[in-house]
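K.L.:
Structure provided below as structure tokens; questions to follow.
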Amino acid sequence: MVHVQALPGTPQHCLPLDRIVERACAEAELYQQCGVDGILVENMHDLPYMRGKVGPEIVASMTRVCSEIKHAVKDIPMGIQILAGANVEALAVAHACGAHFVRAEGFVFSHVADEGWMDSCAGELLRYRRSIGAEKVFVLTDIQKKHCSHAVTADLDVCEVAKAAQFFLSDGIILTGQATGSPADALEIAKVKRVVTIPVMVGSGVTEQNVEDYLGADAMIIGSHFKAQGSWCNGIERNRVVSFMERINTLGGNAPPKCGVTS
């Protein structure tokens, strides 16, 4: 994943936008050189996150960053996530810069996140996608996502939530652990794969050591493992990316086709 440095207007913002763009492009190029299958760009450093929306300064900055990345890394898919739950804004940025997908939170069923109460957004989001002519941008959706309490839907099995997401026209489902870097439940992924026909992806916690547990997934989104000391807030270490991709390549036909998508 390309974790964009803190953007203008956020509490930890300290770098000029040109420097932010330069660093993001360098990370994307490194990933491409190491053979990953796609890039996911996220405003991870914009702590604390807004709930379900961001200002025009974030939309403008992410459009600039993602457009520059798209120009630098032409041959692999690029996706966008804007935290927290700013899915409409992410879709607008993706459409403007030619990205291939967005990662959307809160697509079906409400939950309590770090930022507060999050309502489902499927109806609004897909109508917005249609209204701006962005139907080519896939909407990949987290269900029962990390950093959230799902007590209000505790009576729903993850498979029922997955089926609801598919029914509401999700283009793919993402399953995570409890927090950034926490492993997802491999048995849960297998269960969900049996009840939906859209792609099912792992959204957190994949490492070189546990990757074989997730070979049944359609894709793996990897961020923390590629960073120094396995922490998302650190810089990317080339040797960690290279070693992981070598491991994937040794697995050959057992590996998912988009195993190196990064987040």
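K.L.:
For the chain, what does -39500 (n - 2.57) per DSSP helix run (n ≥ 4), summed and divided by total residues, give at 222 nm, in deg cm²/dmol to the nearest 500?
P.N.:
-10500 deg cm²/dmol
K.L.:
Same structure, new question: Using the reciprocal of the averaged 1/r over all distinct C-alpha pairs, how large is the Kirkwood radius of segment 30-128 in Å?
P.N.:
The answer is 14.0 Å.
K.L.:
Something else now. Tally the DSSP beta bridges in the chain and give the antiparallel ones as a percent, rounded to 5.
P.N.:
Once the DSSP bridges in the chain are tallied, antiparallel ones form about 20 percent.
K.L.:
How are the alpha carbon pair distances in the chain distributed across 5 Å bins from zero to the largest one, expressed in percent?
P.N.:
Over the chain, the share of Cα pairs per 5 Å bin runs 1, 6, 14, 19, 21, 18, 13, 6, 2, 0 percent.
K.L.:
In percent, what relative contact order does the chain have, based on Cα pairs under 8 Å that are 6 or more apart in sequence?
P.N.:
For the chain, the relative contact order is 17 percent.
K.L.:
Just the ratio, please: alpha-carbon radius of gyration of segment 1-72 over 2.2 N^0.38 Å, N its number of residues.
P.N.:
1.08
K.L.:
Could you tell me the calculated FRET efficiency between His71 and Glu246, based on Cβ-Cβ distance and R0 = 35 angstrom, to the nearest 0.05?
P.N.:
Efficiency, from the Cβ-Cβ distance: 0.75.
K.L.:
In segment 219-235, which residues have a backbone nitrogen under 13 Å from the label point lying 7 Å from Leu47's Cα in the Cα-to-Cβ direction?
P.N.:
231-234
K.L.:
Here's a follow-up. Once you have the Kirkwood Rh of segment 100-243 from its Cα pairs, apply Stokes-Einstein at 10 °C and 1.306 mPa s and quote D in µm²/s.
P.N.:
Roughly 100 µm²/s, to the nearest whole number.
K.L.:
Tell me the carbon and sulfur percent of the accessible area for the chain, rounded to whole percent, probe radius 1.4 Å.
P.N.:
Using a 1.4 Å probe with all protein chains present, the chain comes out at 52 percent carbon and sulfur.
K.L.:
Post the alpha-carbon centroid distance, segment 147-226 to segment 45-112, in whole angstrom.
P.N.:
One Cα centre to the other: 20 Å.
K.L.:
Please compute the modelled spin-label separation between Val112 and Ala228, points set 7 Å along Cα→Cβ, answer in nm with one decimal.
P.N.:
Between Ala228 and Val112, the label points sit 3.7 nm apart.
K.L.:
Write down the accessible area per residue of segment 90-210 in Å², having rolled a 1.4 Å probe over the full set of protein chains.
P.N.:
It amounts to 46 Å² per residue over segment 90-210.
K.L.:
Related question: Once the Cβ-Cβ distance between Leu215 and Gln178 is put in as r, and R0 is 25 Å, what FRET efficiency do you end up with, to the nearest 0.05?
P.N.:
Calculated value: 0.70.
K.L.:
Let me ask something additional. Residue-wise, which Karplus ³J(HN,Hα) couplings in Hz belong to segment 20-35, taking 6.51 cos²θ - 1.76 cosθ + 1.60, θ = phi - 60°, and x for glycine or proline?
P.N.:
4, 4, 4, 5, 5, 5, 4, 5, 4, 5, 4, 4, 4, 4, 8, x
K.L.:
Another question about this same structure. At 0.36 nm per residue, minus the direct Cα-Cα distance, what do Arg19 and His150 gain on full extension? Give it in nm, one decimal, please.
P.N.:
Separation in residues times 0.36 nm, less the Cα-Cα distance, equals 43.3 nm.
The values are calculated or read from the model by the stated rules, or taken from the named source; none is laboratory data. The structure presented is a predicted model; accordingly, all values stated were derived computationally and were not measured. Here the Cβ is made from the backbone with ideal geometry for all residues, glycine too, and neighbour counts use every protein chain on show. Ligands, DNA and RNA are excluded from the accessible area calculation, which covers all protein heavy atoms including side chains. Shrake-Rupley method; radii C 1.70, N 1.55, O 1.52, S 1.80 Å.
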